[in-house]
Amino acid sequence: MLFAMLFLTQIRSQVALNPDKISVQLAPGEHAEISFQLTNNDTITYKSFWKIENVVDLPSGWEFNLCDNFTCYDTNVSESNTNNVALNVLEPGVTNTWSFKITNNSSEEGSYCLKLSLYDSKDTKNVIGTTDCISGTSDALNTTILKVYPNPTERNFSINGDDNIHKVGVYNILGKEMKMFKHEKGDSHDISELNRGLYIVRLFDIKGKAVKSLKLNKR
């Protein structure tokens with residue numbers, strides 16, 4: 001699972017970011033979109049732009065997209081288009097809503113920490129707001145709970161702990177593929193036409209990687 005947290009703080013009181021803490025959990029292949037609000041508590045108008053710094057590098061396969069007042073930027077773009085900074089205007093007392101999308105395209109373990117900073121008038125020394133950390137950790141797929149049942153079976157079998165399983169293959173003891181099924185959580189698969197005997201069931205994640213092989217006895 002991916003555990004991502006967005007800690008929003010402000011080093012100065014000009015721009016308040018709300019809420020100050022957001023947490024989400026993502027399975028491989030899933031994404032979450034986090035909305036947060038920026039309120040200009042000052043009496044002057046700010047023309048803001050933003051930058052994202054890698055405090056701990058984003059692991060391979062993980063992606064982010066930030067949407068500001070102007071546009072939703074492409075994957076892993078780390079700063080706003082300063083040529084259009086006038087479109088990111090923070091008027092006094094006005095609240096703007098931005099969003100941050102996180103996508104977990106990896107089944108590998110890893111962690112990251114990104115820092116989002118807001119600047120005024122293209123001056124990187126004038127920070128008007130900053131996040132503490134947009135962070136996430138991911139544990140590898142828990143294969144200990146993956147089991148096929150009923151086992152033995154005469155017709156159908158299901159998979160326990162199949163949240164992140166996307167394909168299921170059935171092989172004979174010589175390694176020949178006998179059946180291949182697309183899989184969604186809760187699916188059962190019919191092998192009634194197979195001969196009696198011992199088979200190997202291989203479970204694949206969203207990347208097509210075999211994460212576990214299990215023995216299945218067909219009656």
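Computed from the coordinates by the stated procedures, all read-outs in this text should not be read as laboratory data. This is a predicted model, so every value here is computed, not measured. All Cβ positions, glycine included, derive from the backbone under ideal geometry; neighbour counts span all protein chains shown.
Descriptive notes on the structure:
- Table column - 3J(HN,Hα) (Hz), region 183-190, Karplus curve with 6.51, -1.76, 1.60, x for Gly and Pro: 9, 10, 3, x, 5, 10, 10, 8
- Nearest-0.05 FRET efficiency for Arg202 and Ser78, computed from C-beta distance (R0 35 Å): 0.35
- Pairwise label distance in nanometres, Lys215 with Asn160, each label 7 Å out on the Cα-Cβ vector: 1.7 nm
- Cross-link pairs Lys147/Lys212; Lys147/Lys207; Lys179/Lys212; Lys182/Lys207; Lys179/Lys215; Lys101/Lys207 - those with Cα-Cα distance over 18 Å: Lys147/Lys207; Lys101/Lys207
- Taking amide H positions as modeled 1.01 Å from N, with prolines and chain starts lacking one, the residues under 5 Å from His183 and 5 or more places away or on another chain are Lys167, Val168.
- Rough spin-label spacing in nm, given labels placed 7 Å along Cα→Cβ, for Asp190 and Asn69: 5.9 nm
- Straightening the chain between Glu91 and Asn105 buys 1.3 nm, computed as 0.36 nm per residue apart minus the Cα-Cα spacing.
- Under-5 Å amide H pairs with Asp68, H placed in peptide plane, nonlocal only: Tyr73
- Among the GluC sites (Glu not before Pro) in region 146-219, those located in a DSSP loop and surrounded by at most 15 other Cβ atoms within 10 Å of their own Cβ are Glu154, Glu184, Glu193.
- Across region 39-51, computed HN-Hα scalar couplings (Karplus, 6.51 cos²θ - 1.76 cosθ + 1.60, θ = phi - 60°) run 10, 7, 8, 8, 9, 10, 8, 10, 9, 10, 9, 9, 9 Hz from first to last residue, x flagging Gly and Pro.
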